[in-house]
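First comes the structure, then the notes that go with it.
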Amino acid sequence: MEQHPVTRALRTRIEKTNEGEHSSPLFLTSSFCFNDAEQMRAAFADETEDNIYSRFSNPSVQEFIDRVCILEGAEAGFATASGMSAVFGSFMALLSQGDHLLSCSSIFGSTHTVISKYLPKYGIEYSYVSATNPQEWEASIRPNTKMIYLETPTNPGLDIIDLKFVSQLAKKYNVILNVDNCFATPLGQRPIDFGADLVVHSATKWMDGQGRVLGGIVVGRKDLIHDIYLFCRSTGPALSPFNAWVLSKSLETLDVRMDRHASNALHIAQKLEGHPKLSWLKYPFLPSHQQYDIAIKQMKNGGGIVCFELKGGLESGRAFLNNLKLLSLTANLGDTKSIASHPASTTHAKLTAEEKLAVNITPGLIRISVGLEYVEDILNDILQSLEVLSEP
Ligand SMILES: *Cc1c(COP(=O)(O)O)cnc(C)c1O
């Protein structure tokens, strides 16, 4: 009987030394030696899989890639220094001048910047559709559309996009489907099972899950990954072997961590829903979520993020952060420690009111990354912070 991907990923390791170590060794080396000129020639001619230089490949990095490929059900992968270099590498390796990228308006802020500010500099067109209006997707495909890029659940709005629907569309028009699976993790959702060609991750978030290192990865179809590999090996966004070693270790506990993050988040969402200070609350696995039916079809759990809108708007958002005693105010998510953020006054403060609405940032939007503290302690901190907000 074939073992479950969780078992296979946990037990996969790239190389053994003669020491019998149980934990994988860390290959902190920039380059690799050859026995003779012929072996070196063959490696450079791509006739062997020998490591050459850690900008191209490294055993510790490969172990991390292998583990993510198993969890995502992917053929191949390339790991990068951050989530953004995985996103950018997948764009630059596969898109050319004159191509069109179709994406969704509610996406991670830096991805939004890359698509709308930098891709046009290289002659790559883009357009955005609304996450919650599937009809728009087909209507927005152009003859030169080369890639569809999306996130589900979206950051920070937690909209859910139907992966099966979009992948059928991508197949129909022969377009590459590239999915940022950062919020769900491969244990919450496997986009490749629904027909995605590529999956990118910010490993910085749930994969590390302990707020220590930056990292990113793109996995998927072998031919596409090969092009991304060639682009990255020349341009240099390689993941550090040390970070890869940390991330590889982190993956061994991803399953149990995500289970608890998700059950804590569901509990908090259930308890807060309908609170008089909130105008709405969203969590993918609450039946009240607009795309609940899609969420339960394609996700194994609702993930670790809960978001809600404070009736008191911008000022309440700031006061809510100030009243918190346990939750951290920090620009990250997917940590063991719970985190609260108020995008309208922080990460998205520079956008105009219109631009904020276009990416679904409303004035009183609070995003909670639910950590692994005892769940009632997280809930009580949120409740006491809501309690002292003035009535709207
Ligand atoms: C954080 C994040 C990224 C970028 O990852 P970095 O590791 O910070 O570069 C991309 N997509 C999503 C959804 C994110 O949350």
In the chain the DSSP beta bridges are antiparallel at a rate, in percent to nearest 5, of 55
Contour minus Cα-Cα span, GLU47 to HIS267, at 0.36 nm per residue, comes to 73.8 nm
In degrees, nearest 10, the alpha-carbon axis of helix 375-387 is tilted away from the dominant principal axis of the alpha carbons of the chain by 40
So the FRET efficiency between SER23 and ASN174, C-beta based with R0 = 35 Å and rounded to 0.05, is 0.20
Quick shape summary for the stretch 255-387, equivalent ellipsoid via Cα gyration tensor, semi-axes whole Å in descending order, reads 22, 18, 14
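Sorted by packing (mean other beta-carbon atoms within 10 Å per residue), highest first, where do 350-359, 271-280, 14-23 land?
Values: 350-359: 13.0, 271-280: 15.0, 14-23: 9.3.
Per-residue mean Cβ counts within 10 Å order the peptides as 271-280, 350-359, 14-23.
Only four residue types carry charge here, +1 at the Cβ of Lys and Arg and -1 at the Cβ of Asp and Glu. Report the dipole size of the stretch 1-139 about the Cα centre in Debye, rounded to the nearest 20.
Numbers: 9 positive and 18 negative charges, 108 e Å.
Using only the charged Cβ atoms, the result is roughly 520 debye.
Based on the alpha carbons, how large is the Rg to Rh ratio for the stretch 121-273 when Rh follows Kirkwood? The partial results should precede the final answer.
On the way: Rg = 17.1 Å, Rh = 17.2 Å.
On the Cα set of the stretch 121-273, Rg over Rh gives 0.99.
Find, among the chymotrypsin sites (Phe, Trp or Tyr not before Pro) in the stretch 294-392, those assigned to loop by DSSP (not H, G, I, E, B) with at most 16 other beta-carbon atoms within 10 angstrom. Write down the numbers at each step before the final one.
On the way: sites: PHE308, PHE320, TYR374; in loops: TYR374.
Passing both the DSSP loop test and the Cβ count: TYR374.
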To the nearest 0.05, the calculated FRET efficiency linking SER279 and THR352 through their beta-carbon distance, R0 being 25 Å, is 0.70
Partner lysines whose C-alpha sits under 27 Å from that of LYS205, ignoring same-chain residues fewer than 8 away, are LYS117, LYS164, LYS222, LYS249, LYS271, LYS282, LYS297, LYS300, LYS325, LYS337, LYS350, LYS356
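Take peptides 238-249, 35-46 and line them up by average Cβ neighbours within 10 Å, highest first, as a rough protection proxy.
On the way: 238-249: 22.9, 35-46: 11.1.
Top of the packing list down: 238-249, 35-46.
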Here the percent of antiparallel bridges among DSSP beta bridges lying wholly in the stretch 1-157, to the nearest 5, is 10
For the chain, whose charge dipole is built from +1 on Lys and Arg Cβ atoms and -1 on Asp and Glu Cβ atoms, the candidate among GLY20, ASN181, SER338 with its Cα farthest towards the positive end is SER338
Ranked output for segments 338-349, 294-305, 195-206 by mean other Cβ atoms within 10 Å, highest leading, reads 195-206, 294-305, 338-349
Label model pair GLU75, SER390: point-to-point distance (7 angstrom along the Cα→beta-carbon line) in nm is 6.1
If one compares the long axis through the Cα atoms of helix 254-272 with the longest principal axis of the Cα atoms of the chain, the angle in degrees, nearest 10, works out at 10
Sorted largest first, the Cα spans of the stretch 150-190 on the principal axes come out in Å as 29, 20, 13
Longest principal axis of the chain (C-alpha) makes with the long axis of helix 59-72 (C-alpha) an angle, in degrees to the nearest 10, of 50
Magnitude of the Cβ-charge dipole (Lys and Arg +1, Asp and Glu -1) of the chain about the Cα centre, nearest 20 debye, reported as 580
PRE zone check, label point 7 Å out along Cα-to-Cβ of LYS297, amide N under 15 Å, scope the stretch 116-141, hits 132-135
re the chain: pairs of Cα atoms spaced beyond 27 Å account for a percent value of 50
Extension length gain for SER116 and LYS325 (0.36 nm per residue less Cα distance), in nm, is 71.5 nm
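Starting from 0.36 nm per residue, how many nanometres of slack lie between MET40 and PHE242 once their C-alpha separation is accounted for?
Additional length available on full extension: 70.2 nm.
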Among HIS267, LEU365, LEU327, the residue whose Cα sits farthest towards the positive end of the charge dipole of the stretch 255-387, when +1 is placed on the Cβ of each Lys and Arg and -1 on the Cβ of each Asp and Glu, is LEU365
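The numbers here are math on the coordinates, done by the rules we state, and not lab data. The structure displayed is predicted, hence computed values, not measured ones. Positions of Cβ are generated from backbone atoms using ideal geometry, with glycine treated the same way; all protein chains shown enter the neighbour counts.
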